[in-house]
Amino acid sequence: MEFAAWYSGFRPRLVGALTLLGSDTDAAVDAADEALVRALERWDRVGQMTSPEGWAYRVGANVLHRKSVRRRLERRLWARNQPAAAAAPELGVEVWEAVKALPGRQRQAVALRYVLGLTEAGTAAAMGVAVGTASATLAAARARLAIRLGEDDTIEVRK
């Protein structure tokens, strides 16, 4: 049996079966793709099996299970180790809605500078731009926020 023909006929069915198993289509697609990559790597052996489909399903189900366990563990650890104060500056809903409405690059700069608390140099490094570019982006973001929120001066975000 040729892998390409098997793959094209089997992948949609594997994704469907794994979606039913885990009820999350994106996770099922990832798990199916992982299983099919492993099948390709071992196709000389897997292709000779009585049921390559069963083998791939079992691998996909195991991948799905491990990722589910990991997500649950991460959520528990995150909840347990959440800083007491706040993950973000305490501002009103209208401010956060205004931030969400910023263009992507400005929103990224605001998140890095004011939510993560990076310096402007750190913000620039994380964005992969010069410090002056990060400063200008932050200034433009603050100006847009001031206009959107109807304020005369730029918004000062407290840590």
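The values are calculated or read from the model by the stated rules, or taken from the named source; none is laboratory data. Note that this is a predicted model, so its numbers are computed, not measured. Note that each Cβ is placed from the backbone with ideal geometry, even for glycine, and that neighbours are counted across all protein chains shown. Note: accessible area is taken over every heavy atom of the protein model, side chains too, but ligands, DNA and RNA are not part of it. Shrake-Rupley method; radii C 1.70, N 1.55, O 1.52, S 1.80 Å.
Name the residue that is farthest from Gly60 (Cα to Cα), counting only residues in region 7-20 that are hydroxyl-bearing (Ser, Thr, Tyr) and surrounded by 13 or more Cβ atoms within 10 Å (Cβ to Cβ). Here the answer is Tyr7.
Return yes or no: is Ala4 modelled with pLDDT of 95 or more, open to solvent by less than 90 Å² (accessible area, probe 1.4 Å) and either under 30 Å from Thr133 (Cα atoms) or part of a helix (DSSP H, G or I) (or both)?
It is true that Ala4 is modelled with pLDDT of 95 or more, open to solvent by less than 90 Å² (accessible area, probe 1.4 Å) and either under 30 Å from Thr133 (Cα atoms) or part of a helix (DSSP H, G or I) (or both).
Is at least one residue of region 46-66 within 30 Å of Ala139 (Cβ to Cβ) and of a type in the set (Lys, Arg)? Checked against the condition, which is being within 30 Å of Ala139 (Cβ to Cβ) and of a type in the set (Lys, Arg), region 46-66 yields no hits at all.
Taking the numbered list (1) surrounded by 15 or more Cβ atoms within 10 Å (Cβ to Cβ); (2) of a type in the set (A, V, I, L, M); (3) at pLDDT below 90 in turn, Val93 passes all entries but (1). Among residues belonging to region 103-129 that are of a type in the set (Ser, Thr, Tyr) and open to solvent by 30 Å² or more (accessible area, probe 1.4 Å), point out the one that is nearest to Arg144 (Cα to Cα). So, considering only residues that are of a type in the set (Ser, Thr, Tyr) and open to solvent by 30 Å² or more (accessible area, probe 1.4 Å), the one nearest to Arg144 (Cα to Cα) is Tyr114.
For the criterion of being within 29 Å of Ala28 (Cα to Cα), of a type outside the set (Lys, Arg), at pLDDT 90 or above and under 18 Å from the mean Cα position of the chain (by Cα), Val59 fails. For region 21-31, the criterion of being assigned to a helix (DSSP H, G or I), surrounded by fewer than 17 Cβ atoms within 10 Å (Cβ to Cβ) and modelled with pLDDT of 95 or more is met by at least one residue. Only residues that are open to solvent by less than 60 Å² (accessible area, probe 1.4 Å) and either among the basic types (Lys, Arg) or within 19 Å of Ser8 (Cβ to Cβ) (or both) were counted across region 56-66, and they come to 3.
Restricting Glu74, Glu41, Glu53 to those that are open to solvent by 50 Å² or more (accessible area, probe 1.4 Å) and touching a Lys or Arg at 6+ places or on another chain (Cβ under 9 Å) reduces the list to Glu53. Against the conditions (1) open to solvent by 50 Å² or more (accessible area, probe 1.4 Å); (2) under 19 Å from the mean Cα position of the chain (by Cα); (3) farther than 30 Å from Leu138 by Cα, Lys100 satisfies every one except (3). Which one of Gln106, Gln82 is of a type in the set (S, T, N, Q), at pLDDT 90 or above and under 23 Å from the mean Cα position of the chain (by Cα)? On inspection, the qualifying residue turns out to be Gln106.
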